[in-house]
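Structure first, then comments.
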Amino acid sequence: MYKLKLSKEEMKQYGYQVIDTIVEHFDTENYKKPVAMASRAEMDTLFNMEAPEQPTNYQEVLDFVTSKVLPNSNIVTHPKSYSFVPGPSNYVSVMADTLATGFNIFSGGWAASPAAAQLEIVTMNWLLKLFKFPTKKGGGIFTSGGSMANLTALVAARRQCCGDDFSNAIIYMSDQAHSSNVKAIRVLGFKKEQVRIIPTDIEFKMAINKLKNAIAKDRLEGFQPFCIIASAGTTNTGTVDPLNDIAKICREEKLWFHVDGAYGGAAILSKKGSQQLKGIEKADSLAIDPHKWLYQPYEMGCLLVRNHKWLSQTFTEKPEYLRDIEGNTSEINFYDHGIQLTRRFRALKFYMSMKTFGLNAFKKAITYNIDLAEKVEKKLRQSPKWEVISPATLAILNFRYNPIGKSFSEKELDTMNQEISKRVVASREALLVTTILQNQVVLRMCLINPRTTIKDVQETIKLCEDFASEIIDK
Ligand SMILES: *Cc1c(COP(=O)(O)O)cnc(C)c1O
């Protein structure tokens with residue numbers, strides 16, 4: 001047993017069962033409930049144990065995991081999983097991840113895996129081209145997610161703009177920017193006073209006038225403005241900041257232009273999306289998140305930069321034990337382009353799913369998502385019961401129950417919509433939670449699953465209406 005092996009026959013049996021379980025899940029998930037709920041006490045009872053000294057029959061372990069572990073999570077691929085940012089995923093990429101893990105490919109350096117490095121270069125070039133970044137000079141790296149892509153970008157930005165002394169450096173972002181940026185800034189050791197949170201306008205876009213004021217005042221006070229983080233698709237509303245305006249300010253003021261497109265960047269693949277994302281091609285660095293709207297399973301984020309040297313100049317360290325494996329400069333060692341040394345082979349799933357389904361399928365899926373959200377918006381507007389709070393934008397929609405003819409107070413509306421969400425989630429039929437927009441409690445739908453139908457959404461809206469009636473009657 002200490003060689004940690006199964007027999008060839010056992011491996012096959014094991015593997016076939018795992019695949020069968022996954023395929024069964026893909027085939028039946030629509031009929032399952034997307035919401036899992038369990039208390040800490042229940043989970044303690046199910047799983048707590050001392051580290052097992054002795055072996056357990058492999059079949060027994062697998063059965064336990066299949067029946068007890070896997071069902072106790074939300075199904076983020078479910079067509080009625082609307083909240084946060086769903087993870088629609090796709091089977092080909094799941095298999096690609098399985099292969100990458102099966103062969104345990106070290107995707108850090110060229111010498112260890114020339115093909116893995118090359119596939120990362122190739123897929124990165126696809127992305128650079130899609131976003132109209134310079135393909136010769138540009139570069140990038142796959143990361144675990146959007147948070148790591150933002151962090152990696154800000155490390156490079158700081159290195160390029162500030163060198164070692166960043167005590168006066170100031171970063172700007174809107175009040176709708178994703179929390180991972182604040183986290184990254186904290187990780188980097190900036191003080192809270194070095195961040196300016198710029199208010200947004202009524203459409204949730206960064207207010208350019210206020211941004212300009214803040215930069216000018218900071219200069220007067222002797223600070224060093226160095227970076228603006230724009231959102232290309234905020235997580236709350238899908239809103240894209242005025243990218244062209246911000247690009248212009250960055251050019252004039254010599255600031256680093258980082259775009260957080262972790263949520264919305266993928267919309268570049270659709271006509272409407274690419275209209276809204278105009279200016280994204282001017283970013284110095286861009287975070288996108290293929291494990292969201294490019295339908296990849298977790299974990300896969302991506303950072304693109306205008307100049308690949310910004311990454312290598314930031315992240316190259318040469319310990320003695322790596323000195324024998326340097327290739328020529330065109331043979332990229334991705335450990336020199338980011339934080340991780342040992343990295344899994346993320347590019348494989350992107351490559352295999354793109355090659356299998358074709359870019360066109362991805363374009364159609366994203367277009368479908370955007371159109372679906374617009375359809376839902378229209379239906380809600382035409383209903384006497386619903387009020388659209390933030391229109392369908394990059395497949396995100398915010399709305400609340402607010403029937404005409406009844407004059408509920410704002411407080412009553414907040415309580416009612418919170419209660420509707422609570423009951424929907426408790427029913428486990430759909431994952432639909434609230435967010436706060438301009439002090440109102442609203443229901444938020446993120447419709448990036450290409451297998452979600454208008455019928456799915458209508459069933460969920462009906463469910464909300466039924467709960468609303470119950471709440472009002474009470
Ligand atoms: C999801 C998200 C992130 C964080 O990405 P993770 O993959 O969850 O780490 C950052 N920015 C935006 C706008 C997001 O929507």
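Rg ratio for the stretch 253-305: its Cα radius of gyration over 2.2 N^0.38 Å, N being its residue count, equals 1.16. For the stretch 135-202, the relative contact order is 36 percent, taking Cα pairs closer than 8 Å that sit 6 or more residues apart in sequence and dividing their mean separation by the residue count. Over the stretch 165-215, the Kirkwood radius and the radius of gyration, each from Cα atoms, give a ratio Rg/Rh of 1.00. Rolling a 1.4 angstrom probe over the protein heavy atoms with all chains in place gives the stretch 357-397 an accessible area of 47 Å² per residue.
Ranked by the mean number of other Cβ atoms within 10 Å of their residues, highest first, the peptides 258-267, 390-399 fall in the order 258-267, 390-399. Computed over protein heavy atoms with a 1.4 Å probe, the carbon and sulfur contribution to the accessible area of the stretch 348-415 reaches 55%. Distances between placed amide hydrogens fall under 5 Å for A169 paired with Q224, all partners being 5 or more residues away or on another chain. Distance between the C-alpha centres of the stretch 431-466 and the stretch 388-424: 10 Å, rounded to the whole angstrom.
Measuring nothing but how far apart in sequence close Cα pairs (under 8 Å, 6+ apart) lie, relative to its length, the stretch 155-282 scores a relative contact order of 24 percent. Peptides 435-444, 213-222 ranked from most to least packed, by the mean per-residue count of other Cβ atoms within 10 Å: 435-444, 213-222. For the stretch 2-148, give the percent of accessible area contributed by carbon and sulfur heavy atoms, probe 1.4 Å, rounded to a whole number. Carbon plus sulfur share of accessible area: 60 percent. Extent of the stretch 237-369 along its three principal axes (Cα atoms, max minus min coordinate, largest first): 50, 44, 24 Å. With protein chains left intact and a 1.4 Å probe, residues in the stretch 261-354 average 41 Å² of accessible area per residue. Rolling a 1.4 Å probe over the protein heavy atoms of the stretch 419-474, with every protein chain left in place, gives an accessible area that is 52 percent carbon and sulfur.
Projection of the Cα convex hull of the stretch 84-191, averaged over all directions and equal to a quarter of that hull's surface, yields 9.7 nm². The ratio of the alpha-carbon radius of gyration of the stretch 193-288 to the globular-protein estimate 2.2 N^0.38 Å is 1.06.
Listed cross-link partners K12/K68; K5/K80; K183/K455; K5/K183 are compared with a 31 Å cut-off, the Cα-Cα value being larger for K5/K80; K183/K455; K5/K183. For the peptides 76-87, 122-133, residues were scored by their other Cβ atoms within 10 Å and the scores averaged per peptide; the highest-first order is 76-87, 122-133.
Pairs of Cα atoms under 8 Å, at least six residues apart: use those to get the relative contact order of the stretch 1-140, whole percent. Normalised by residue count, the contact order of the stretch 1-140 is 18 percent.
Over 20 Å between Cα atoms: which of K254/K318; K254/K292; K191/K309; K129/K278 fall into that group? Going by Cα-Cα distance, K254/K318; K254/K292; K191/K309 fall outside the 20 Å limit. The radius of gyration of the Cα set in the stretch 1-121, together with its Dmax, comes out at 18.1, 48 angstrom. Considering only the Cα atoms of the chain, their convex hull presents on average a projected area of 26.4 nm². Computed with a 1.4 Å probe over protein heavy atoms only, the accessible surface of the stretch 111-201 comes to 44 Å² per residue. Dividing the Cα radius of gyration of the stretch 286-429 by 2.2 N^0.38 Å, with N the residue count, gives 1.63.
The values are calculated or read from the model by the stated rules, or taken from the named source; none is laboratory data. Just so we're clear, the structure is a prediction, and the values are computed from it rather than from any experiment. Cβ coordinates were reconstructed from backbone atoms using ideal geometry, including for glycine residues, and neighbour counts include every protein chain displayed. Side chains included, ligands, DNA and RNA excluded: accessible areas come from the protein's heavy atoms. Shrake-Rupley method; radii C 1.70, N 1.55, O 1.52, S 1.80 Å.
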